[in-house]
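The values are calculated or read from the model by the stated rules, or taken from the named source; none is laboratory data. Given the structure is predicted, the values throughout are model-derived calculations rather than measurements. Every residue, glycine among them, receives a Cβ derived from its backbone with ideal geometry; neighbour counts consider all protein chains shown.
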Amino acid sequence: MAWNSTAEYRNVHFNNETNFLTNLSGLQEVSGNWETTNKGLVAEDDKAALLMSEQQADQLYYEVDVIVDKGTGSLVFRADADAKNGYMTSLDADADQVRIEKIENGEISVISKRDFSITDGESYRVKVSAVNDQISVSINNEKLLEVEDQGFEAGHFGLQVSNGSVIFQNVYERNYINTDSREIENSDFETGDLTGWTSVRGDAFMDHHVTDATEWWGGTFNHEGTYHYWGYNGEHGGDRPTGVMHSSYFTLDGSGEINLLIGGGYNPDDLFVSLMRAPDDQELLRQPNTKFNGDETYRRYVWDASEFLGEVLYLKVVDRATGGWGHINLDDVNVYNIGDIPKEVDQVASEPEPYIHRTEGQLTDWDALSGDWVDSTYGNYGGVWECPALLELPVDGDPSQSKWVLQVSVQDGAIAGGSGMQYFIGDFDGTTFTSDHPPEEVLWSDYGSDYYAGVEWSNVEGENGERYWLAWMSNWQYANDTPTSNWRSSMSLVRKMELTNTKDGLQLRQTPVGMESLREQKQRVKLDNERISGESDLLSDFSGDAYELIAKFDVTDTTATEFGFQVRKGDSNEYALISYDVLEESLFVDRSNSGEFDFGTNVNDLQGAPMQADNGTVKIHAFVDRSSIEVFGNDGLRSITSQIFPQEGSEGLQLYSEGGEVTLKSLELYPLRSIWGKSPVKTNLSSWSTVNGTWADTINGKQGQDPEEDAFIMTDHSGANIVFEARVELPDSDKVDNPIGAGALVFHSDENAENAYVANVDVRNNAVKLLKRENGNATELVVYDDKGRLELEPNKEYRLQVVTSGERIQVKLDNEIVIDTMDDTFTKGYVGLGVSNTTAFFNHIQMRDYKVNGRVNRNKNN
């Protein structure tokens, strides 16, 4: 079932611990030992074992499959709750006899019996009919006993075993239905509605489907009489409605011929009329519209149901189709006919095939009752598919052996949790892509948490037809919450794509390109043939937050269970792992100790990719950056891309092994230069040091952020009589996630802005303020709001300037002096920037000595 959703089911298996089938309810053991098994309900007792149901009936059919190994197996009916009074039909293997017995106050008497040879281990279908005072017994559809008795008119059902071992299966109480009618009610719909018919499910069979229309858009209906049932009604959903309808009951009489008119769509699985036996609701034949395909005009169908003369039957009409021609038409149903049955008939009614008891297996045949059900899709279907990429790739460098690859991004349910990418290998004929893989097989483009929506370059190919692409390095599970500002996340490295043959078939190989030019060759670290045991100090002198490492490990003689690198290692046991699990044969990245950011419970911090050694060698090619790791295993056969957010200063790198030793065949380590080059911030200050909050150089300038408190960044530049200025912009919530607050110039400060002056542009409070911080506590010296007429705006750049001379402090806004005051608490110190409860941009940040008439204004405090 799928409810308000799309759901996918694959490889549905069942395994029955027991396989006892019955429609009796409330079965209770009265005596003996009863056990449900895959063969059925088993009882074995030297005396008597009794099982009773809460279910009761007066007029009844009762049928059971019975295997009597020894002793007697009995069907109990019209009995009281503990079978002290009632009837039994018994198969006695010891006496080779079938009996109808009467129980009165616990005493059993035989009221009818017959010799019947019972073979050990053979199953017998026993049917009991009790209607008024008539009781009859059939075995394997042959009536053997019939008797009249007025002792008990109604009561419980049950089973009993005496002095032996018996298996009961398919224990069913059937409907007793008696009717004198030889016709179904309103067989030709001439009442103008569905009188006599019952809609048992859905909305396909309603009164508004009965019509007196004589023509449809393609011709005439050729129905009988005035009215007929037309399954299509444009005002009530057209082909969309589905459902099931039953006719009234009838006793088959006459010749056994049934004929009727059917029209509408051709869909044997979903549009049909069935002949049903009333007592057990067994389908005796099924008739779809087979005489045309898509025609509203009626044709007559003739059935031979003579095998069921004298039995109570009914018709079932089914509409489970919703697409074009998804409806059925019906008219002029004749179930009582005399004379000879035509030699050529459309269907012959027959007993259904016996039920096959399967104890285990895979379910492959399904009937859709409602909704849209289609063959299972391919690959992973955890979330929305998007950003497909269809391209042709060479196999092992041979473009003549190319195959087509379809890349698809999955918004949820990927291998590491949340977003990810999968791919399919197959053929493309210009219209249709056909996968070479079974639907349940999933091939992952990347095994990390942060590789999504890959985009390839069009018409850019390698010399052998290789293609190039890159992807979004993030995950929809946390993309909006990552600890960044101004922009969020980045793109992966550019990768070359091709296919390669493996023992598991064709797979994608990806290798990074274009990074050699960023290598710091002079700072290269190279190691060869080193034995690694525990935490190695071979790389203790290395420090960096952006580097490339290329390592080969020999696992032919390793005793280690795990080995690799602790990267971005810092204080407080902070690091991320790029490692290999020898026992699991898995390359993995573990970021669980790489910072304080919470990636959430839906994404794994341990991200692994299955990878066997290549001729005894495990190759790890990794790129470590300030907030990301990209790992390529065994020449790009596996890749893992993962964001990390370590603390600033976590720049250590360590080789390690666990459980034993491993040989490092080779290691090349290259620090990488930044692609940014010179900072985009325009300033004559340097040596910036973050005190608190988040600060970064961006294209908008130096950006500071703290949504809840004050945040400062300081330089090592200081002075007494100075001119200090910057252009300040406070973006609104359309650009950032924080409320609008204030951006400030800090001056005459100590190193941590605990004691300093702060001049700010406070957009939230529409004022320019001069504050004094003493031991971290701020007080307002002067507030300027132009008597309430100042109109500060977000997303507007303001030139904020501070001029100090001795104890005099001036603050200018867009070259206009707005504050001019005296204070001698701090007469010299460092300069820096600050934000208060917001995000702010600072650019054109300048500091110079204050000059009067062309000369530096110095005083005794300088």
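So the values come out like this:
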item	result
Selection status of Val746, over 23 Å from Thr715 (Cα atoms) and buried (at least 20 other Cβ atoms within 10 Å of the Cβ)	no
Check on Asp46, in contact with a strand residue (DSSP E or B) (Cβ under 7 Å, 6 or more places away or on another chain), over 18 Å from Val171 (Cβ atoms) and not in a strand (DSSP E or B)	no
Close pairs from the stretch 133-162: first of a type in the set (A, V, I, L, M, F, W, C), partner not in a strand (DSSP E or B), Cβ under 7 Å, at least 6 apart	Ile135/Asp149; Ile139/Phe116; Leu144/Phe116; Phe152/Asn85; Ala154/Asp58; Phe157/Leu24; Val161/Gly32
Strands (runs of 3 or more DSSP E) contained entirely in the stretch 280-381, each with at least 3 residues that are of a type outside the set (S, T, N, Q) and without any contact (Cβ under 8 Å) to a residue 60 or more places away in the chain	295-304
The one condition in (1) of a type in the set (Asp, Glu); (2) part of a strand (DSSP E or B); (3) modelled with pLDDT under 95 that Glu780 fails to fulfil	(3)
Gly564 being under 21 Å from Asp537 (Cα atoms), touching a residue at least 24 places away in the same chain (Cβ under 8 Å), surrounded by 23 or more Cβ atoms within 10 Å (Cβ to Cβ) and not β-branched (Val, Ile, Thr)	yes
The listed residue being of a type outside the set (S, T, N, Q), touching a helix residue (DSSP H, G or I) at 6+ places or on another chain (Cβ under 9 Å) and modelled with pLDDT of 95 or more, out of Glu562, Glu584, Glu548	Glu548
Residues located in the stretch 382-397, provided they are of a type in the set (A, V, I, L, M) and either part of a strand (DSSP E or B) or surrounded by 15 or more Cβ atoms within 10 Å (Cβ to Cβ) (or both)	Ala389, Leu390, Leu391, Leu393, Val395
Residue within the stretch 776-787 that is under 14 Å from Leu730 (Cβ atoms), of a type outside the set (Asp, Glu) and either in contact (Cβ under 8 Å) with a residue 12 or more places away in the chain or surrounded by 15 or more Cβ atoms within 10 Å (Cβ to Cβ) (or both) present	no
Residue within the stretch 633-642 that is under 30 Å from Leu583 (Cβ atoms), without any contact (Cβ under 8 Å) to a residue 60 or more places away in the chain and not basic (Lys, Arg) present	yes
Test: residue in the stretch 710-724 that is closer than 15 Å to Asn837 by Cα and touching a Pro at 6+ places or on another chain (Cβ under 7 Å)	no
Residue tally, condition surrounded by 11 or more Cβ atoms within 10 Å (Cβ to Cβ) and on the phi > 0 side of the Ramachandran plot, over the stretch 322-347	2
Test: Phe563 is within 27 Å of the chain's Cα centre (by Cα), more than 30 Å from Leu391 (Cα to Cα) and among the hydrophobic types (A, V, I, L, M, F, W, C)	no
When residues of the stretch 25-49 are limited to those that are buried (at least 17 other Cβ atoms within 10 Å of the Cβ) and in contact with a Phe, Trp or Tyr (Cβ under 6 Å, 6 or more places away or on another chain), the one farthest from Asp365 (Cα to Cα)	Ala43
Strands (runs of 3 or more DSSP E) wholly inside the stretch 86-173 containing at least 1 residues that are more than 17 Å from Val64 (Cβ to Cβ)	97-104, 107-115, 123-131, 134-139, 142-148
Residue count, the stretch 398-451 (criterion: out of contact with any strand residue (DSSP E or B) (no Cβ under 9 Å at 6 or more places or on another chain), outside any loop (DSSP other than H, G, I, E, B) and small (Gly, Ala, Ser))	0
Per-region count, the stretch 828-857, residues in a loop (DSSP other than H, G, I, E, B) and at pLDDT 95 or above	1
The stretch 622-636: number of residues that are touching an Asp or Glu at 6+ places or on another chain (Cβ under 8 Å) and of a type outside the set (Asp, Glu)	6
Identity of the residue in the stretch 233-254, in contact with a Gly (Cβ under 6 Å, 6 or more places away or on another chain) and in a loop (DSSP other than H, G, I, E, B), that ends up modelled with the highest pLDDT	Ser248
Ala720 vs. criteria over 51 Å from the mean Cα position of the chain (by Cα), over 21 Å from His844 (Cβ atoms), surrounded by 15 or more Cβ atoms within 10 Å (Cβ to Cβ) and of a type in the set (A, V, I, L, M)	yes
Qualifying positions in the stretch 349-381 - among the β-branched types (Val, Ile, Thr) and surrounded by 11 or more Cβ atoms within 10 Å (Cβ to Cβ)	Thr359, Thr377
Leading residue by the ranking (farthest from the chain's Cα centre (by Cα)) among those in the stretch 838-853 that are within 30 Å of Asn795 (Cβ to Cβ) and surrounded by 17 or more Cβ atoms within 10 Å (Cβ to Cβ)	Met847
Residues that are closer than 17 Å to Pro354 by Cβ and more than 42 Å from the chain's Cα centre (by Cα), drawn from the stretch 280-307	Glu307
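Yes or no, residue by residue, for (1) surrounded by 14 or more Cβ atoms within 10 Å (Cβ to Cβ); (2) modelled with pLDDT under 95; (3) not aliphatic (A, V, I, L, M):
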residue	(1), (2), (3)
Pro680	no, yes, yes
Asn684	no, no, yes
Asp697	yes, yes, yes
Asp710	yes, yes, yes
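Yes/no matrix, rows are residues, columns are (1) of a type outside the set (Ser, Thr, Tyr); (2) over 46 Å from the mean Cα position of the chain (by Cα):
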site: Asn38; (1), (2): yes, no
site: Asp69; (1), (2): yes, yes
site: Ser74; (1), (2): no, yes
site: Phe77; (1), (2): yes, yes
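Okay, residues lined up against (1) outside the structural domain of Tyr314 (by TED's automatic domain parsing); (2) within 51 Å of the chain's Cα centre (by Cα); (3) farther than 27 Å from Lys39 by Cβ:
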position	(1), (2), (3)
Lys143	yes, no, yes
Glu146	yes, no, yes
Phe157	yes, yes, no
Gln160	yes, yes, no
Ser165	yes, yes, no
Gln169	yes, yes, no
Asn186	yes, yes, yes
Gly192	yes, yes, yes
